[in-house]
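First up is the structure itself, then whatever we jot down about it.
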Amino acid sequence: MIASSKLNKFVQEIQAFLKPEQVLNTDIDRYLYETDATSLFKNQAALILIPRTSQEVARIITIINKYPELNFVARGAGTGLSGGAIGDANSIIISIAKLSKLIAFDAANQMALIETGLVNETLSQLVKQTGLHFSPDPSSQAACTIGGNIAENAGGIHCYKHGVSADQILGLEVVLPSGEIIHLGQINQQACEDFDLGQEIKQIHSAKRSAIDFTRLFVGSEGTFGIATKALVRLQKIPESFLTMQVAFASAIEAAELVSAIIKAGFKPTALEMIDKGALEAVSKTFDLGIPGESNAVLLIELDGDNDEILLEAKAIKQLIKTQFKPLLYKETQDPTERQFLWKVRKGTVAAFGQIAPFWYLYDAVVPRSKIPEATAKIEAIALKYNLKLASVLHAADGNLHPNFLYDPEKDPGVVERIHKASHEIMHLCIELGGVLSGEHGIGVEKRDYMPFLFSDADMETMLKVRRVFDPKMISNPNKIFPIRVCKEC
Ligand SMILES: Cc1cc2nc3c(=O)[nH]c(=O)nc-3n(C[C@H](O)[C@H](O)[C@H](O)COP(=O)(O)OP(=O)(O)OC[C@H]3O[C@@H](n4cnc5c(N)ncnc54)[C@H](O)[C@@H]3O)c2cc1C
């Protein structure tokens, strides 16, 4: 741990160019930044800094390099769910939250140059009047930053059709762990300095590019390659029309089978979200949703695009449901208010969990879509074995499962340990079924010890070699992604 005299010296160097309100150095500050949205993982950093420009980020990191004990951790909004934005006693948390400008916006070429602390939903609001939006829509989109989306390759409810964050990032300005500022993909220094809001982004007219492009390599690197300070993002047209269907079933297996049938038949819904009986129980305590009491699963199917096309597709999906399934309820709507109501069963779940227990642990797992019925049944059995209250939501089109454990450690002192054991079994199960470690929340500290479930030592050593190219001293978000056994210098 860094000696307090050395840390004080570091603070003095930082105070030469940061204002007092940009340096958070009290115990309360450290407490406020000790977790992300997963309260199961906690650790306090030495200091929290809030730079306002890329140059300030670069200067901070250059000074950190003079102190061999220190490392740094980028932080966006702290909504991450794998413990990625947490530091340790030698960490300087570098919050990007105040780098939040929309720098330039080019409606003709459907792109925007932003600072990465910009909140996901704010970008869409700022460009809405031109009929465009930033399509990745994590459920946390009202709070999470685009920098956090880039670091975690965030997905969302409508990503099955429109793509995840990696598909929308065209270029990046990055402050490397050396303190150097570099540009990846379709932006360069001039692009970052010259643009004004509303000006066409002249250098970049094509989505094609032939030179080596490391943008996609950076996306999903969880803050271990440096800090993204600016991004050139692709914007997509807001779909002309939506059609939402809500289908309730007596069994989760039947709902999962409908998911497979829809994809197998070649339909391309924009969202296919499933809610299990635990989540349904929670949300029904809060809202009267008109869903039959004997339902054990609800599927939301949403189509978007050209109105005539989606009406045709909806008719065909309805026919599929009618001929091959026995739902307890079928509703469809194109009315915006009714659409919001149908979505409440999914979007109201997290808030409703508070009706059941004061804490909730959201797990992120993935299986091949065809294995959803088996995975769902086995996860229920694991929850039963460990006497845990389970409530699951699924981005079913991607096979992305989110089992949530609702718990109260005061009333049930051993519950956290049981949750860890159950999570361990769920991860083994998903890998056995052909899945992967994480769909969208990343590895962070949460899943780093699971990396060997999927990757050999040689696989991980290759990842580390790439990481060392960006970060030879391993000072950018250390202790994340790799098991300590594999990354001794992490
Ligand atoms: C209720 C709820 C619902 C959620 N729903 C979804 C969902 O549907 N889909 C989904 O994908 N995720 C979801 N998440 C998880 C989370 O919101 C996303 O991972 C999001 O992208 C994190 O953004 P953030 O700004 O909060 O990042 P943080 O939590 O602050 O950081 C996350 C990671 O990114 C790194 N990082 C942050 N900014 C930068 C930067 N500028 N440069 C380099 N590294 C950086 C951090 O070091 C850390 O490792 C949800 C979370 C909650 C609480």
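The values are calculated or read from the model by the stated rules, or taken from the named source; none is laboratory data. These numbers come from a predicted model, not from an experiment. Please note: Cβ atoms are built from the backbone with ideal geometry, for glycine as well, and neighbour counts cover all protein chains shown. Ligands, DNA and RNA are excluded from the accessible area calculation, which covers all protein heavy atoms including side chains. Shrake-Rupley method; radii C 1.70, N 1.55, O 1.52, S 1.80 Å.
Rounded to the nearest 10 degrees, the angle from helix 277-286 to the longest Cα principal axis of the chain is 90 degrees.
Could you state, as a whole-number percent, how many of the C-alpha pairs of segment 4-95 are farther apart than 16 Å?
Value for segment 4-95 (Cα pairs over 16 Å): 50 percent.
Against the chain, whose longest principal axis comes from its Cα atoms, helix 54-64 is set at around 60 degrees.
Structural descriptor for segment 241-432: relative contact order 29 percent, calculated from alpha carbon pairs under 8 angstrom and at least 6 residues apart.
From the Kirkwood radius over Cα pairs of the chain, Stokes-Einstein at 25 °C and 0.890 mPa s returns a whole-number translational diffusion coefficient of 104 µm²/s.
When the alpha carbon coordinates of segment 241-432 are projected onto the principal axes, the ranges are 56, 36, 27 Å, largest first. Annotation: cysteines of the chain without a disulfide-compatible partner (Cβ-Cβ under 4.7 angstrom) are C144, C159, C192, C430. When peptides 445-451, 243-249, 302-308 are sorted by average Cβ neighbour count within 10 Å, with the highest value leading, the order is 243-249, 445-451, 302-308. Normalised by the number of residues in the chain, the average gap of Cα pairs under 8 Å and 6 or more apart makes the relative contact order 15 percent. When peptides 254-260, 72-78 are sorted by average Cβ neighbour count within 10 Å, with the highest value leading, the order is 72-78, 254-260.
In summary, the aspartates and glutamates within cross-link reach of K331, defined as a Cα separation below 14 angstrom excluding same-chain residues under 8 places away, comprise E302. For segment 102-237, the solvent-accessible area with a 1.4 angstrom probe is 38 square angstrom per residue. Between the alpha-carbon centres of segment 1-24 and segment 452-485 there is a gap of 29 Å. Distance between Cα centroids, segment 28-66 to segment 127-198: provide it in whole Å. After rounding, the separation between the Cα centres reads 21 Å.
Highest mean packing comes first when the peptides 416-429, 219-232, 470-483 are listed by Cβ atoms within 10 Å, giving 219-232, 470-483, 416-429. Pairs exceeding a 24 Å alpha-carbon distance, out of K9/K447; K42/K480; K421/K473: K9/K447; K421/K473.
Charge dipole (Cα centre; +1 on Lys/Arg Cβ, -1 on Asp/Glu Cβ; no other charges) of segment 241-432 amounts to roughly 320 debye.
What you get for the chain, charging only the Cβ of Lys and Arg (+1) and of Asp and Glu (-1), is a dipole of about 480 debye around the Cα centre. Using a cutoff of 8 angstrom between alpha carbon atoms and counting only pairs six or more residues apart, the relative contact order for segment 4-95 works out to 34 percent. Each helix, a run of at least 4 DSSP H residues, gives -39500 (n - 2.57); summed and divided by the residues of the chain, these come to -10000 deg cm²/dmol at 222 nm.
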